[in-house]
Each structure stands twice: as structure tokens, then as C-alpha cells.
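Peer 1: Attaching a single structure in C-alpha cells format; questions to follow.
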Amino acid sequence: MTARTRKRLYQTVGACFTAAAFLSVYTPIAVILALSVNDSLKAYAWEGFTLRWYADLFATDVMHDPIMNTLLVAILATLIATVLGTFFAIGIHALDKTRRTRMMVLNNVPVVNPEIVTGISLLIVFSLLGFTLGFHTVLIAHVFFGVPYVVLSVMPRLKKLDPNLYEAALDLGCTRFSAVLRAIVPNVATGILAGALMAFTMSIDDFVITYFTSGSEYMNVSTWLYAAIGRSRSFTPAAYAYNAIIFLFTIAAIIFINSRKEKKEREVRR
Amino acid sequence: MAKTLITLSGIEKSFDGVKVLSDFNLSIDENEFITLLGPSGCGKTTCLRIIGGFETPDAGTVAIDGRIVNDLEPNQRQINTCFQRYALFPHLDVFENVAFGLRIRKVEKAEIVRRVEETLRLVKLEGYGPRAVSTLSGGQQQRVAIARAIVNRPKVLLLDEPLGALDLKLRQEMQYELKEMQRTLGITFVYVTHDQEEALTMSDKIVVMNQGRILQVGTPEDVYNEPKNRFVANFIGESNIFEGVMREDYLVSFCGREFKCVDRGFAADEPVDVVIRPEDFDFVPPSKAKIVGVVDSLVFRGVHYEINVIVEGREYTIHTTKTRSIGDRVGLAVDPSLIHVMKRDVHA
Ligand SMILES: Nc1ncnc2c1ncn2[C@@H]1O[C@H](COP(=O)(O)OP(=O)(O)OP(=O)(O)O)[C@@H](O)[C@H]1O
Ligand SMILES: [Mg+2]
């Protein structure tokens, strides 16, 4: 085989793998998008275009509660995790090098820990503490797994800062706390925002941990869907619409973050 | 007699078991321009940080206005700092950077505008208020850092190599401006530099440091003309340093010859170091000279020539406005008052 044909072959194989990867990721999404506008209750037949499932999503009660639960937990957990995670990151960053590395290892354990382990451990802790499972336990759980992501995305920003910023603020009359707020937080805002988005997506996305910490009454969308399928109750296509909306939001968020990053980079280059 | 404003006594500081400052004693007078001068890593920044309250000494006390401030936070000290790497706030524009301290102290809005603009004018950055700090050159950023500190009219201003990033011309201009500000605003300046020329031109008092110790404190004239030891003589200006022996008062021997001098108070035959500044040598006819050598090299330095003369295998550096050619046999003479005898020192 000549070098040229070999190169061709590699290119073709590479292109095939790329196509396969994209297909396997995006086919299910495309299917959901299609089903969300399919004017039929059956998942296997196309019976015309409609937006009524989107209207259903907000009009009927079927999914109203799970959606509201999901959003409420996601928003609250994101807020709390973002504040906590930001301060954790700043605190960890201020430690000396060895202790900082140790803390980061501790921080990363929940990230790589299998969700099922996290879910069961939290369940055990909650029952040991005598908590009734429900909204509060789910919220605590979501804050718990959101914080490390915020820490992870704020930390690199902190490392890039001028090490004396905090001291400069102290020097100019700030108390320790206001120096953090005035000199550090605004300069790691992009990291905080990225962390918040990540925590939010993780929360919206979560099934396993919610499943273990929500008890029997309280449901978010994912546990509701699971229960609906489990009881082989045909679930409403409004679920597709919900998924489609989430997907579009995610895409929008990613595009937003990337465009900001590009703008920043352009500014720096100038 | 000027009033003492800051007193450091018995300061010790180590990082990870390495001594950075040891037995550091220094008093700084009100309205004084004092310069910490020393090679890189000798502890200048650390000393400033201890005065500013960013670092706590392992031992010893820092007193400001007679009050021990070891436990005071930086924001409780009437001190502002101009950091070595500027530490400007990237999220604020030039105006807001300078206004930062005033806003914290809740100064009235109109007053803030007035003072910030006045200060920007002082550092020659008029009209730069709305600019983002990241769009400024290094020198401009440095001047914003200076403005941000002096706008607060602190009692003491700590400056850590504030002119390091400027080109020669701007540096000289800013040296003059800083000195002027210090005089007119009545602020005590504690200035850090490793540029001996800068230290000599600006300071009321120079503190020469090496390896965390103070080697000499004195006026620029003192440290230049009467260096206490070999290190100071070498660090400040160029020097010819000879090992010698003090025969008796007013008589020193070095390079195998005896010279009259003006120093006294040494033990008989005490080993000493002898300093002769390059500009203090004179050429005389070889027949009349104690020291005779051959011109080895000659460099034109603008105001003077730098001539190296080899005498019995040893190189002497001479600064003179007279010129000689390479290979010339020359005699060297030095006035007794320009021979400076120092104790052999232990640290340097
Ligand atoms: N936070 C720190 N942790 C560990 N070592 C430190 C720390 N700060 C300073 N040092 C060490 O202390 C010594 C003195 O540092 P310092 O910054 O005071 O030097 P300097 O005289 O300001 O030098 P330069 O002219 O290069 O700025 C150096 O050896 C430095 O490595
Ligand atoms: Mg330094």
C-alpha cells in the first residue's frame, strides 16, 4: 500500500468513526425532537405536525408537578451550590500547595463517584438523621453534587488572577470579606457562571440520586417518567416536548458560553 | 529631630524553615523617603509586606506612631501599597481602580471625582479614566497603581519597585514626580528597588540589605562614600576593593605598599578591606607614582572613559575624563581622603 492510499484509508476510517459517534449521540435527540411535534400518541407512526404537546406541557396537570419540582430544585440547588462552591474554591485556592491538592482530591471524589453509590449513601445518611424523604432531601442532595462542579470551574479562573488582588483590596480599606466580594468574585464571574450552568444541568439531568433521595411521594420529571414507564402507562408525548425544550436550552447555553469565550479571546488578542 | 513613625524591632521571618529576615531593626522617620536596596531575593518585599500587614513576623514588633500594630489588619493601618506586579483590578476601568479606596471609605461622590482626576493628572494619565486596565502599557499600569495608592493620602506609602517596567526616560521623569509628590503631600515613602542609582538619587535614607540582614543604613552620601563593608561598596557604585592591613591610625597597607589615609580606630595590624572608587584615581607621571601599571582596555562611557589598568597582575578600574591609549604605562595616585578603609566583614 502506498503512503497515499494508506492516508486515504485512515481518513475514511476516521470520517466513519466521526459519523458514527455523531449519529449515536444525535439520533436519539433527533427522534425526540421529531416525536415532540408528532401529532400522534404512538411513538412509531408519523401523523402530522403539531405543537399541541408543548401547549399540553403547561396546560394539563399531568406533568405540571414534576416539571415544577424539577425546576424549583434545579434553581434553588444551583443558587446554593454556586455560592457555596465559589467560596469553597476561593478558600481552597488560598491554601498552601499541598493542602490545596488534597482538598481538590476530596472535591473530585463526588464527581467521579458512581451516582448510585452517592444516591445510596445519601439515602442512608438521611435515614440515619431521621429526615423524611422529599423536597428537602432532594434539594440537599442536588446541592451536594453541584458544589464540586462549581469548585472545578472556578478554580482555573482563580489560578489566573494576579495573586495580590485580594491584598490590594485589603490595602485599600476592605475587610477580608468585602475584599473577596469586590476584588475576587467579579474577576472569576465567568467561572462562576459556567459552574452554575453545570450545576443546573446536572440537577435537571439527574435521575439516580433523585430516585434514591426523593421517597415515594415526591417526583421530578425523570423519576416521574421512570414510574410512568414502569407502570407501563403510556406516557404523554408532552414528555418528548419537555425533553426537546431542555435540549434546546442546553444548546442555547453552550452557544452562549462559547460565544462569550470567543469574544473574550478576541479582546485579549487585540 | 524628625519624629519616628515606624519602628521595626527584632523582626524575624522564615518561609518553610528558610530565614528570609533576621534580626531586622529599622526606624523610619515621618516624611522620610527611605529606600530598601538589595539584590533579588534578599527580603525587600517581605519587609514591606510585614509593614503593610500582609505577613506576620515570626518574632519582633512593628510599631507605627508608637503603637504596636502586629495584630492590626492591613485595612486598619494608614498605609497604602503599590504592589510589585501592580495588582490592578481587571474588572474595573482606570477611574474606578483609582477610586476604589475612596469608595470603600465612603467619600462623597463629587469629592471622589475631583480627587481621582487630580491624581490621574499627577501621574500623567489625564483622560485615561474610562480605559480598561488591560489595554494599558506596563508603564501606564504602573502609574495607575501609584495613583490608586496615593489618592488615599496615606501616612505611609509602600512602593515595591514601582518603576521597574518603565523605560529610562519615563523612569527618570517618574522618579522626579514621585519625589515631588512625597515632598508636597508629606507622605512617608518606603521604597524598594534593586537599582542603586535610583536609590541614590531619590532617597533621604538608604537601607542596604543582603540575605535578610541590614548591612548599612545611611544617607546616600554615607553609603556611597563610607560603605561599611565589601558588599555595600560593591553593590553601590563601582569600586576597587583591596585586602589590606591597618598599620596604625591614618596608615593603611595594601598591594604591598603603605598609604596615608584618614581612617582611625582600628587595632594595630587589623586586616581590613580598602575601597577606592574608580573616579578617585588620578593619572600621574609613572616616575612620581606609587602604583604603576599598563592600560589594558578603554571604554567610552559618555561622560567619562572607563579605563582598566593592570598593576602587578591585578586590574584597577578608573573613571576619568582624560584619555590614554591601550598599552600606555601610567602612574596612579589617590588622595588620602579618598581612601576608604572598612572592617573586614563577616556576612558579605
Ligand atoms: N510566600 C512565600 N513562601 C515561600 N517563600 C517565600 C515567600 N515569599 C518570599 N519567599 C522567599 O523569601 C525570599 C525573599 O523574598 P522577597 O520577595 O522578600 O525578595 P525581594 O528582595 O523582594 O526580591 P526581588 O527583588 O526579586 O523582588 C526569597 O527567597 C523568596 O523565595
Ligand atoms: Mg520583591
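The values are calculated or read from the model by the stated rules, or taken from the named source; none is laboratory data. Just so we're clear, the structure is a prediction, and the values are computed from it rather than from any experiment. Every residue, glycine among them, receives a Cβ derived from its backbone with ideal geometry; neighbour counts consider all protein chains shown. Side chains are part of the model used for accessible areas, which takes the heavy atoms of the whole protein and leaves out ligands, DNA and RNA. Shrake-Rupley method; radii C 1.70, N 1.55, O 1.52, S 1.80 Å.
Peer 1: Relative contact order of chain A: what whole-number percent is it, with Cα pairs under 8 angstrom and at least 6 residues apart?
Peer 2: In percent, rounded to a whole number, it is 29.
Peer 1: Hey, another quick one. Just add up the charged neighbours of B:Val107: K/R +1, D/E -1, any other residue whose Cβ is under 15 Å from the Cβ of B:Val107.
Peer 2: Once all neighbours under 15 Å are counted, the net charge is +3.
Peer 1: Another question, then. Given points 7 Å out from each Cα along the Cα-Cβ axis, report the A:Leu72 to A:Leu161 separation in nanometres with one decimal.
Peer 2: So the label points at A:Leu72 and A:Leu161 sit 3.5 nm apart.
Peer 1: Here is a further query. Report which residues of the stretch B:134-153 become buried by 20 Å² or more of accessible surface when going from the isolated chain to the complete set of protein chains (1.4 Å probe; DNA, RNA and ligands ignored).
Peer 2: B:Arg148
Peer 1: A further question on this structure: Run the dipole for the protein assembly as shown about the Cα centre, Lys and Arg Cβ at +1, Asp and Glu Cβ at -1, nothing else charged, and hand back the magnitude in debye, nearest 20.
Peer 2: 1940
Peer 1: Find the accessible area per residue for chain A; the probe is 1.4 Å, ligands and nucleic acids are left out, and the unit is Å².
Peer 2: Ligands and nucleic acids excluded, the result is 59 Å² per residue.
Peer 1: What does a probe at B:Glu258 reach in the stretch B:292-321, counting residues whose amide N is under 20 Å from the point 7 Å along Cα→Cβ?
Peer 2: Correct set: B:292.
Peer 1: Could you tell me what percent of the accessible area of the stretch B:238-343 is made up of carbon and sulfur, with a 1.4 Å probe and every protein chain present?
Peer 2: C and S atoms contribute 51 percent here.
Peer 1: With angles folded into 0 to 90 degrees, how steeply does helix A:97-112 sit against the dominant principal axis of chain A? Use alpha carbons for both and round to 10.
Peer 2: The helix A:97-112 is inclined about 10 degrees to chain A.
Peer 1: Taking a cut-off of 22 Å between Cα atoms, list the lysines near B:Lys124, but don't count ones fewer than 8 places away on the same chain.
Peer 2: B:Lys169, B:Lys179
Peer 1: Mind checking the angle between helix A:64-94 and chain A's longest principal axis? C-alpha axes, 0 to 90 degrees, to the nearest 10.
Peer 2: It is inclined by approximately 20 degrees.
Peer 1: Calculate the FRET efficiency for B:Asp167 and B:Arg301 from the Cβ-Cβ distance with a Förster distance of 30 Å, rounded to the nearest 0.05.
Peer 2: My answer for the efficiency is 0.90.
Peer 1: Same structure again: Starting from the Cα of B:Lys13, draw a straight line to each of the aspartates and glutamates and keep only those under 15 Å, dropping any in the same chain fewer than 8 residues away.
Peer 2: B:Asp23, B:Glu55, B:Asp58
Peer 1: Something else: So, with a 1.4 angstrom probe, what is the percent of accessible area on the stretch B:4-230 that is carbon and sulfur?
Peer 2: So the carbon and sulfur contribution to the accessible surface is 46 percent.
Peer 1: Obtain the nm distance between the two label points defined at B:Lys343 and A:Ala15 by a simple spin-label model: each point lies 7 Å from its Cα along the Cα-to-C-beta direction.
Peer 2: 8.5
Peer 1: Something else now. Using only atoms on other chains, find how many Cβ atoms lie within 10 Å of each Cβ of peptide B:99-106 and report the average.
Peer 2: Partner-chain Cβ atoms within 10 Å, mean over residues of B:99-106: 4.
Peer 1: Let me ask something else. How about the stretch B:110-183: which trypsin sites (Lys or Arg not before Pro) there are in a DSSP loop, with at most 12 other Cβ atoms within 10 Å of their Cβ?
Peer 2: none
Peer 1: Where in the stretch B:129-157 does the label zone of B:Lys109 land, with the point 7 angstrom along Cα→C-beta and an amide N cut-off under 13 Å?
Peer 2: No residue qualifies, since no backbone N sits under 13 Å from the label point.
Peer 1: Put +1 on the Cβ of every Lys and Arg and -1 on every Asp and Glu Cβ in chain B; which of B:Gly237, B:Ile291, B:Val113 then has its Cα farthest towards the positive end of the dipole?
Peer 2: It is B:Val113, whose Cα lies furthest towards the positive end.
Peer 1: The stretch B:40-59: which residues show an accessible-area loss of 40 Å² or more, assembly versus chain alone, 1.4 Å probe?
Peer 2: B:Phe54
Peer 1: Right, next: With a point put 7 Å past each Cα toward its Cβ, work out how far B:Asp195 is from A:Ile251 in nm, to one decimal.
Peer 2: 5.8
Peer 1: Still on this structure, please answer the following. Name the residue farthest towards the positive end of the dipole of the stretch B:63-179 from the options B:Phe95, B:Leu170, B:Val133, assuming +1 on Cβ of Lys and Arg, -1 on Cβ of Asp and Glu, about the Cα centre.
Peer 2: B:Phe95
Peer 1: Continuing with this model, one more query. Averaged over B:78-91, how many beta carbons belonging to a partner chain fall within 10 Å of each residue's beta carbon?
Peer 2: Whole-number average of other-chain Cβ neighbours for B:78-91 is 5.
Peer 1: If you don't mind, another one. How about the stretch B:249-347: which GluC sites (Glu not before Pro) there lie in a loop by DSSP and see at most 15 other Cβ atoms within 10 Å?
Peer 2: B:Glu312
Peer 1: Between the stretch A:189-203 and the stretch B:11-70, what is the C-alpha centre distance in whole Å?
Peer 2: If you average the Cα positions of each part, the centres end up 43 Å apart.
Peer 1: Run the reach check for B:Lys343 against lysines, Cα to Cα strictly under 19 Å, same-chain hits fewer than 8 apart removed. What comes back?
Peer 2: B:Lys228, B:Lys260
Peer 1: Just flag the trypsin sites (Lys or Arg not before Pro) in the stretch A:169-232 sitting in loop per DSSP whose Cβ has no more than 11 other Cβ atoms within 10 Å.
Peer 2: Sparse-neighbourhood loop trypsin sites (Lys or Arg not before Pro): A:Arg231.
Peer 1: Right, next: Does the protein assembly as shown come out rounded, prolate or oblate, given a ≥ b ≥ c as the square roots of the eigenvalues of its C-alpha gyration tensor, rounded meaning a/c under 1.5 and, failing that, prolate meaning a/b above b/c?
Peer 2: Prolate, because a/c is 1.5 or more and a/b exceeds b/c.
Peer 1: Shape call for chain A from the C-alpha gyration tensor, a ≥ b ≥ c root eigenvalues: rounded (a/c under 1.5), prolate (a/b greater than b/c) or oblate?
Peer 2: Oblate is the answer for chain A, as a/c is 1.5 or above yet b/c matches or exceeds a/b.
Peer 1: Taking chymotrypsin sites (Phe, Trp or Tyr not before Pro) as candidate sites, keep only those in a DSSP loop with at most 13 other Cβ atoms within 10 Å, then name the longest stretch of chain A containing none of them.
Peer 2: After excluding every exposed loop site, the longest remaining stretch is A:47-270.
Peer 1: May I pose another question? Compute accessible area for the stretch A:152-173 by itself and then with all protein chains, 1.4 Å probe, and report residues whose area falls by 30 Å² or more.
Peer 2: A:Asp162, A:Asn164, A:Leu165, A:Glu167, A:Ala168, A:Leu170, A:Asp171, A:Leu172, A:Gly173
Peer 1: While we're on this one: Ignoring any ligand, DNA or RNA, what whole percent of the accessible area of the stretch A:64-235 comes from carbon and sulfur when the probe is 1.4 angstrom?
Peer 2: 70
Peer 1: For the stretch B:238-343, report the accessible area per residue in Å² (1.4 Å probe, heavy atoms, rounded to an integer).
Peer 2: 51
Peer 1: At a probe of 1.4 Å, how much accessible area disappears from chains A and B on forming the pair, both sides counted, to the nearest 100 Å²?
Peer 2: Approximately 1800 Å², summed over both chains.
Peer 1: For chain B, what class follows from the C-alpha gyration tensor (a ≥ b ≥ c being the square roots of its eigenvalues): rounded when a/c is under 1.5, otherwise prolate if a/b is larger than b/c, else oblate?
Peer 2: Note, shape of chain B comes out prolate.
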